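Computed from the coordinates by the stated procedures, all read-outs in this text should not be read as laboratory data. If you're wondering where the values come from, they're calculated on a predicted model, not measured in any experiment. Every residue, glycine as well, gets a Cβ built from its backbone with ideal geometry; the counts of neighbours run over all protein chains shown.
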Amino acid sequence: MQGESSDGPAKKRYDRKRPVVSFRVSREQLEKLEELTRDSGISKGKFVRRALGLELEKKDRIYRKGRGDGYRRAKKRYRVDVWCGMCGGLILVKDDDMKTKVCKAVARTYNWFHKECKPGDCADDQCELFDREVEH
């Protein structure tokens, strides 16, 4: 621009929005980078920005896949299925109050106890005994 030095307000704004990044690479890496940018017809800066975008997308994709896989494994391992007494369809047990009711009903129906909590009047063949869960 006319009358504006290279350190004028526009240049300062540009530099704030687009800071310079400098890093060292090996001779072989530089040659590879130059080959890739020459062959693709893009600048080194654009190449690095694209690579960074691809890495961020890959990281996000890996996170989503891992989270989804973990959720499915946990659901399969820890979900308690309850079926409708009439149609046999699966009932979705949503909230904690309902889960507590289901757990209490199962424990009462099948006489489930911790080994050390077994009532004296309950015969071994009339109940199931379990170890106490240890908090970590």
Q: Quick one: count up the residues across segment 101-130 that are β-branched (Val, Ile, Thr) and either at positive phi or surrounded by 11 or more Cβ atoms within 10 Å (Cβ to Cβ) (or both).
A: 2
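Residue-by-condition table, conditions (1) more than 30 Å from Pro19 (Cα to Cα); (2) among the basic types (Lys, Arg); (3) within 25 Å of the chain's Cα centre (by Cα):
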| residue | (1), (2), (3) |
| --- | --- |
| Ala51 | no, no, yes |
| Lys65 | yes, yes, yes |
| Gly68 | yes, no, yes |
| Cys87 | yes, no, no |
| Val106 | yes, no, no |
| Arg132 | yes, yes, no |
Q. What are the residue pairs meeting all of these: first residue in segment 62-83, first residue within 20 Å of Lys104 (Cα to Cα), second residue not in a helix (DSSP H, G or I), Cβ atoms under 8 Å, and 6 or more apart or on different chains?
A. Val80/Val93; Asp81/Leu90; Val82/Leu90; Val82/Ile91; Val82/Val93; Trp83/Gly89; Trp83/Leu90; Trp83/Ile91
**Q.** Evaluation of Val82 against (1) touching a helix residue (DSSP H, G or I) at 6+ places or on another chain (Cβ under 9 Å); (2) within 30 Å of Val20 (Cα to Cα); (3) not small (Gly, Ala, Ser) (one fails), failing number
**A.** (2)
Q) What are the residues in segment 104-136 that are part of a helix (DSSP H, G or I), more than 22 Å from Val80 (Cα to Cα) and among the hydrophobic types (A, V, I, L, M, F, W, C), if any? A) Cys117
